[in-house]
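Peer 1: Handing you a structure now.
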Amino acid sequence: MVFSAKFRIQGTVTVGEGTPLAALKTVDVGANYTDYTSQVTDGSAATNMPLGALDTVANGDWVIVRFGSANVRGLRFDMGTNVNANAATLAVEFWNGTAWTAVSGLVDGTAIGGATLAQDGTVFFSYPGSTWSQNTVNGTLGYHIRVSVSALLSAVVDVNELAIRGRTQILDGVSRGSTLIFMSNHSAEAIYWGDENVLPGDVAQDNGGSLLSQGGVVTIDDAGTYVGQIWADVGSTSEATAIVSRKQG
């Protein structure tokens, strides 16, 4: 007996990277911010955010990055010719409703030999989940992270581009028991499923998850009849262009 199934192409999506809504720097404890959003999102090496001699939070210096949603798990830094050579570590904090709180699972891909922002790289962290709240910075409400350093950076440090690493919705209105085909130029680190009101969060909060390789297949087999949205991460790869299909009938 031969079994067959038809799969409907759902579309082509780019998974993994996006553009921040704002990139701001302060050197006076947040009294004033300089907006470098256009400089770090224009794709040009001729413009940048200068972080030379950036000092610690205690001395009033930090960078704010704003997002449109809380589905963020990292930032990719494209450094300019001038990188940091001073010993310093990077800190990333989110707003928990009352205070800045350190993210968990921080991995700094820009560090070399104890010096952060010393090379191009991605700074990864765990999803803060439902504890991440919007707050107002420089007059605008949004989801923000605060990026700071533990010690004074080199005199000249340039960040050419900033990109968001996050979770991308690839399907909506999916029935449980559906089969998803993920054909991509990169592997997916994980596939998540769950209703939007429980996102963002870790895999357990999203009712499931599965690693997928290029051309991978996953069956959404949680109990019930409706799963809502399906989301994907691509982990440490720059981004993935995926063709997404799901079984009919």
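Bear in mind that the values in this text are calculations on the coordinates, not laboratory data. In this text the structure is predicted, and so the values were computed from the model without any measurement. In this analysis, Cβ positions are derived from the backbone assuming ideal geometry, glycine residues included, and neighbour counts consider all displayed protein chains.
Peer 1: Suppose the chain between residue 141 and residue 96 were pulled fully straight at 0.36 nm per residue; how much longer would it get relative to their current alpha carbon spacing?
Peer 2: Values: separation 45, 0.36 × 45 = 16.20 nm, distance 1.40 nm.
Extra length available between residue 141 and residue 96 comes to 14.8 nm.
Peer 1: Round to the nearest 0.05 the FRET efficiency obtained for residue 104 and residue 156 when R0 = 30 Å and r is the Cβ-Cβ distance.
Peer 2: Working: r = 32 Å, r/R0 = 1.07.
Taking R0 as 30 Å, the efficiency between residue 104 and residue 156 is 0.40.
Peer 1: I need the peptides 75-84, 146-155, 50-59, 28-37 ranked by packing, meaning the mean over residues of other C-beta atoms within 10 angstrom, with the highest value on top. Working shown, then result.
Peer 2: Numbers: 75-84: 20.5, 146-155: 18.3, 50-59: 16.2, 28-37: 13.8.
Averaged packing, sorted descending, gives the order 75-84, 146-155, 50-59, 28-37.
Peer 1: Kindly provide the pair-distance distribution of segment 17-166 built from C-alpha pairs, with 10 Å bins from 0 and whole-percent values in order of increasing distance.
Peer 2: 12, 46, 37, 5
Peer 1: For residue 28 and residue 85 in the same chain, what is the full-extension length gain: residue separation times 0.36 nm, less their Cα-Cα distance, in nm?
Peer 2: On the way: separation 57, 0.36 × 57 = 20.52 nm, distance 2.36 nm.
Here the segment from residue 28 to residue 85 would lengthen by 18.2 nm.
Peer 1: Taking 0.36 nm per intervening residue step and subtracting the Cα-Cα distance, what contour gain separates residue 19 from residue 120 on full extension? Provide the component values of the computation, followed by the final result.
Peer 2: Values: separation 101, 0.36 × 101 = 36.36 nm, distance 1.67 nm.
So the extension gain works out to 34.7 nm.
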